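Trainee: I'd like to ask some things about the structure below.
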Amino acid sequence: MKILVAVKRVVDYNVKVRAKADGTGVETANVKMSMNPFDEIAVEEAIRLQEAGKAQEIVAISLGVTACQDTIRTALAMGADRGILVETDAELQPLAVAKLLKAAVEKEKPDLVILGKQAIDDDANQTGQMLAALLGWPQGTFASKVELGDGTVNVTREVDGGLETVALKLPALVTADLRLNEPRFVKLPNIMKAKKKPLEVLKPADLGVDIAPRLVTLKVQEPPKRQAGIKVGSVAELVDKLHNEAHVI
Amino acid sequence: MSILVIAEHDNVALKPATLNTVTAATQLGEDIAVLVAGHNCGAVAEAAAQVAGVKKVLIADAPHYAHQLAENMAALVVGLASGHTHILAPATAAGKNTLPRVAALLDVAQITDVIKIDSADTFVRPIYAGNVLATVQSKDAVKVMTVRGTAFPAATVTGGSAAIETVAPATDVGVSSFVGQQLTQSDRPELTAARIIVSGGRGMGNGDNFKLLEDVADKLGAAVGASRAAVDAGFVPNDYQVGQTGKVVAPTLYVAVGISGAIQHLAGMKDSKVIVAINKDEEAPIFQVADYGLVADLFAAVPELSKELDKLKAAG
Ligand SMILES: Cc1cc2nc3c(=O)[nH]c(=O)nc-3n(C[C@H](O)[C@H](O)[C@H](O)COP(=O)(O)OP(=O)(O)OC[C@H]3O[C@@H](n4cnc5c(N)ncnc54)[C@H](O)[C@@H]3O)c2cc1C
Ligand SMILES: Nc1ncnc2c1ncn2[C@@H]1O[C@H](COP(=O)(O)O)[C@@H](O)[C@H]1O
């Protein structure tokens with residue numbers, strides 16, 4: 001079995017993102033970039049399936065600017081076998097990413113595709129579902145457990161009321177949620193080894209995909225700031241304030 | 001404008017998130033149809049027909065909609081899409097599972113977590129954990145979007161008298177099936193619909209200690225929530241998580257206990273009307289958004305809070 005994992009380069013989750021003064025976007029100059037945390041979980045899951053002897057090859061793919069190579073190298077250092085970069089400076093929205101990934105799937109023919117449930121920059125939570133739709137594949141989104149069977153995969157999903165398990169026919173698509181696993185730390189020797197692993201670079205045109213954005217961002221601004229309130233000295237004072245001042249209890 | 005709203009339900013009752021989505025729909029136009037797809041879900045269709053503002057209810061009743069799997073739901077919705085200018089669903093796990101699939105099959109963008117409708121094609125949505133808000137304009141013929149419940153009031157559950165129309169189920173796509181579920185049982189209100197929420201974080205130490213919060217929650221008629229750290233540590237089930245990648249809530253009162261206030265947690269609760277923080281670290285970032293902060297050990301403060309609430313009740 002072959003697994004394709006999509007890894008996105010995003011602003012690191014520890015960075016407090018700010019809107020540009022002119023409202024055209026967010027400040028990304030000199031900001032730390034990392035692999036989307038959900039994608040680390042996706043890569044980790046693929047590696048665990050390989051370590052369990054259930055998968056032979058793991059291909060990590062990223063779409064975007066040249067620097068996305070770093071993100072792919074991280075996936076390779078974690079344990080993926082080879083990488084693909086679909087290189088473009090153009091803005092990529094989830095539908096375009098899904099179309100590019102579909103073309104890559106048709107080329108690579110994986111049995112399982114794993115994505116993160118959500119990119120922490122656009123917070124869209126769409127690409128996996130869109131890719132599954134375009135491929136006509138079943139989807140196991142927000143996965144907290146993935147169990148491969150014979151021609152099937154059972155996926156336990158984090159839903160609003162608790163957990164739900166679905167059985168999907170392979171080939172299938174999975175999106176990783178937070179509790180699927182805890183990604184490993186990359187070891188230094190593996191970073192060196194990763195530099196020697198193959199990384200193919202393609203252009204969207206090579207894949208014959210129209211990536212024109214469908215949404216135009218008119219402006220980006222910061223929401224009104226919440227003001228800090230007061231410190232109370234005791235529990236009794238707290239209850240008094242909530243009752244007599246805020247009138248919420 | 002012709003708007004199709006996908007109802008969220010469990011074949012028995014309409015989920016409250018549907019009501020907020022109907023309100024968003026009323027800001028787009030008057031021609032509002034609600035799709036109830038399920039199995040033996042007639043009662044849900046009846047309830048949807050009563051909701052103020054709803055003009056028509058479409059019911060698709062078949063065994064393969066019993067669990068509303070995305071593959072079958074998307075096939076159905078795509079079949080009904082023609083003639084509609086907007087397709088809306090609540091921004092819940094179910095809505096987020098199905099709607100991107102619908103959008104891709106229609107070859108249109110999907111807009112996630114809409115918090116404001118500026119016009120028929122222009123919407124506001126949070127990005128980067130709510131650190132910034134993006135105003136986006138759609139160029140597509142059909143606007144497919146999920147609606148954040150906290151941003152729109154609930155439509156009234158009575159006052160409507162919509163006609164109920166049966167629609168033919170689409171063929172079972174047959175690539176996925178439901179195996180089972182483990183739903184959290186609780187008599188407390190649902191997190192996203194609760195007026196008061198008491199949430200615990202890593203500071204709670206273990207799952208047993210959450211009983212302290214449950215006791216307070218029961219006295220306040222509140223729901224219990226948690227930070228990611230508390231869920232990851234196994235103190236409470238996954239559906240308790242509040243935040244960027246969990247549930248987004250905006251109750252009248254949110255009490256954060258032993259929660260530091262990471263940006264990803266704030267993303268899920270900073271629109272609450274009144275925020276209380278109980279934390280032993282006076283530097284904890286949660287105090288920057290709290291209306292009332294109490295620097296204290298929670299193991300002393302929470303039992304005391306319980307007693308003070310008893311006193312308040314006794315005083316009437
Ligand atoms: C991709 C991604 C998504 C995420 N999504 C979410 C999300 O949706 N929701 C979410 O909550 N987090 C999310 N996080 C995690 C987030 O970054 C924080 O790690 C998390 O919110 C911390 O939880 P906490 O406040 O309970 O724990 P900590 O940060 O460890 O804070 C514990 C607090 O408890 C206090 N404390 C300890 N003991 C006591 C005591 N006896 N009395 C009083 N106070 C005490 C401490 O002073 C401290 O402030 C996400 C992270 C990532 C990377
Ligand atoms: N540019 C990209 N490159 C690689 N993977 C991506 C890209 N955009 C989205 N993805 C994948 O799709 C998931 C969901 O992203 P989104 O739908 O944008 O929230 C991410 O976690 C990634 O796995």
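Trainee: Chain A: percent of C-alpha pairs farther apart than 32 Å?
Mentor: The proportion of pairs with Cα distances above 32 Å equals 30 percent.
Trainee: Something else: Simple spin-label model, 7 Å along Cα-to-Cβ: B:M1 to A:K169 in nm?
Mentor: 4.1
Trainee: Follow-up question, since we're still on this one. Two decimals, Cα atoms only, Kirkwood Rh: what is Rg/Rh over segment B:169-316?
Mentor: 1.06
Trainee: If you don't mind, another one. Are any of the pairs A:K20/A:K231; A:K102/A:K187; A:K231/B:K280 more than 22 Å apart by Cα-Cα distance, and if so, which?
Mentor: Pairs exceeding 22 Å: A:K20/A:K231; A:K102/A:K187.
Trainee: Residue by residue through B:242-248, how many Cβ atoms from other chains fall within 10 Å of the Cβ on average?
Mentor: 3
Trainee: Treating the beta-carbon of each Lys and Arg as +1 and of each Asp and Glu as -1, no other charges, what is the dipole magnitude of chain B about its Cα centre, to the nearest 20 debye?
Mentor: 340
Trainee: Give the long-range amide H neighbours of A:D12: residues separated by 5 or more places, or on another chain, with amide H under 5 Å away, using H modelled in the peptide plane at 1.01 Å from N.
Mentor: Answer set, sorted by chain and number: A:K32, A:M33, A:S34.
Trainee: Residues in segment B:125-145 near a label at A:T28, defined as backbone nitrogen under 19 Å from the 7 Å Cα→Cβ point?
Mentor: Under cut-off, by backbone N: B:125-137.
Trainee: Just going by the charge dipole of segment A:159-249, with Lys and Arg at +1 and Asp and Glu at -1 on Cβ, which of A:P204, A:V166, A:H243 is farthest out on the positive end?
Mentor: A:P204
Trainee: Pairs of alpha-carbon atoms within less than 8 angstrom and 6+ residues apart define the contacts here; what relative contact order does segment A:3-58 have, in percent?
Mentor: Relative contact order here is 42 percent.
Trainee: Between B:A193 and A:A212, what is the label-point separation in nm under the 7 Å Cα-to-beta-carbon projection?
Mentor: Rounded to a tenth, the inter-label distance reads 4.4 nm.
Trainee: State the Cα centre-to-centre distance between segment B:10-41 and segment A:135-161 in whole Å.
Mentor: The two parts, judged by their Cα centres, are 27 Å apart.
Trainee: Shifting gears a bit: Return the long-range amide H neighbours of B:G225 (sequence gap of 5 or more, or a different chain), with a cut-off of under 5 Å between placed amide H atoms.
Mentor: Here B:V198, B:S199, B:G200 satisfy the definition.
Trainee: To continue, here is another question. From zero up to wherever the largest Cα-Cα distance of the protein assembly as shown sits, split into 20 Å bins and tell me the percent of pairs in each.
Mentor: 21, 54, 24, 1
Trainee: Right, something else. Cross-link candidates for A:K219: which aspartates and glutamates have Cα within less than 12 Å, leaving aside residues fewer than 8 places away along the same chain?
Mentor: A:D22
Trainee: Follow-up question, since we're still on this one. Applying 1/(1 + (r/R0)^6) with R0 = 56 Å to the Cβ-Cβ distance of B:D310 and A:A205, what FRET efficiency is obtained, to the nearest 0.05?
Mentor: 0.20
Trainee: Still on this model: Along Cα→Cβ, 7 Å out, is where each label goes; now give me the distance between the ones at A:E182 and A:E106 in nm to one decimal.
Mentor: In this crude spin-label approximation the distance works out to 4.2 nm.
Trainee: How high is the FRET efficiency between B:I164 and B:K211 when r is their beta carbon distance and R₀ equals 41 Å, given to the nearest 0.05?
Mentor: 0.35
Trainee: Over the alpha carbons of chain B, what is the largest minus smallest coordinate on each principal axis, giving the biggest first in Å?
Mentor: In descending order, the Cα extents are 59, 42, 39 Å.
Trainee: Taking 0.36 nm per residue of separation and subtracting the Cα-Cα distance, what length does fully extending B:S186 through B:K116 add?
Mentor: Extra length from B:S186 to B:K116 when fully extended: 22.0 nm.
Trainee: Which of the peptides B:305-314, A:96-105 is most tightly packed, and how do the rest follow, judged by the mean count of other Cβ atoms within 10 Å per residue?
Mentor: Highest mean packing first, the order is A:96-105, B:305-314.
Trainee: Compute, for segment A:1-110, the length of the dipole vector about the Cα centre, with Cβ point charges of +1 (Lys, Arg) and -1 (Asp, Glu) only. Units Debye, rounded to 20.
Mentor: Charge dipole of segment A:1-110: 120 debye, to the nearest 20.
Trainee: Then there's this: Under 8 Å for C-alpha pairs, at least 6 residues apart: give me the relative contact order for segment B:99-242, rounded to a whole percent.
Mentor: 16
Trainee: Could you name the aspartates and glutamates in cross-link range of B:K247, using Cα to Cα under 12 Å and dropping any fewer than eight places away on the same chain?
Mentor: Output for B:K247: A:E158, A:D160, B:D113, B:E190, B:D239.
Trainee: Estimate the FRET efficiency between B:T85 and A:Q56 by the formula 1/(1 + (r/R0)^6), using the beta-carbon distance for r and 51 Å for R0, to the nearest 0.05.
Mentor: E(calc), rounded to 0.05, equals 0.60.
Trainee: While we're looking at this one, here's another question. Which of the DSSP-defined H helices in chain A satisfy a minimum axial length of 15 Å, computed from C-alpha atoms, and a minimum mean Kyte-Doolittle hydropathy of -1.0?
Mentor: Those that pass (Cα extent of 15 Å or more, hydropathy at least -1.0) are A:37-51, A:68-78, A:94-108.
Trainee: Can I ask one more? Other chains near A:115-126: what is the mean number of their Cβ atoms within 10 Å of each residue's Cβ?
Mentor: 6
Trainee: Would you work out which of A:N30, A:A60, A:N14 lies farthest towards the positive end of the dipole of segment A:4-68? Charges go on Cβ: Lys and Arg +1, Asp and Glu -1.
Mentor: After comparing all options, I get A:N30.
Taken together, the values in this text are just the output of simple stated rules run on the coordinates, not laboratory data. Bear in mind the structure is a predicted one, so any value in this text is a computation, not a measurement. FYI the Cβ positions are ideal-geometry reconstructions off the backbone, even for glycines, and counts take in every protein chain you see.
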